[in-house]
Amino acid sequence: MVSRGQNRAAVRSRWQSLAAGPRAVRGARGAWPAALAMTTSLAVALGLSAAPGLAAAKDAKAPGTCPTRAKAALPLSANATKKASQAALVAAPERYKGLDVSGATVVWSKVATGAGVRGGEVAFQCGKTIQARTIVVELRFPKELPSSSLSEGVVFVSRFKGGYKVWEVAH
């Protein structure tokens, strides 16, 4: 039978080893919490937590890495979604090299503040001001069908001194 004093000593020893770090941990019971804590700390330190709506892609931008061009965006003008759609279609051959974009069409275009997850990406990447100055345009490339991924494109378009221009390809 284990005395009350021996039990307390065992519990105290286990928690002291957890507090000492992963190298001091012995056995499977204590290793899991320590490993989880260390992994979480490392992820936070490296900024690996994803914001809601941000695709966890290898080329996803970290928060605060707004492209320099986007920072120069001007407030939207009248008929902004129409002008942004036209700019997206004009830029498609250059922005989607390697894809057959002939016959491309605009599926929808919306101001980023009302464009759901894609609009949230703009806010996360560049802030609310640039979000309000950006149009999200979804494109369809019919020549790339039946591939659902290759036949779709999403670009961020804003107004600049020279007119409406694509500043990022989101998909």
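Please treat every number below as a calculation from the coordinates, not as lab data. The structure presented is a predicted model; accordingly, all values stated were derived computationally and were not measured. Here the Cβ positions follow ideal geometry from the backbone for every residue, glycine too, while neighbour counts run over all protein chains shown.
By counting other Cβ atoms within 10 Å of each Cβ, how are E94, E152, E168 ranked from fewest to most?
By the 10 Å Cβ count, ascending: E94, E152, E168.
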What length, rounded to one decimal in nm, is gained on full extension from T129 through to L89, with 0.36 nm per residue of separation minus their alpha-carbon distance? 11.9 nm
Proximal aspartates and glutamates relative to K83, as straight alpha-carbon distance under 19 Å, when same-chain residues fewer than 8 apart are discounted: E94, E138, E168
In what sequence do L139, L89 fall when counting other Cβ within 10 Å, fewest first? L89, L139
Virtual spin-label span in nm between S148 and R69, 7 Å along Cα→Cβ: 3.0
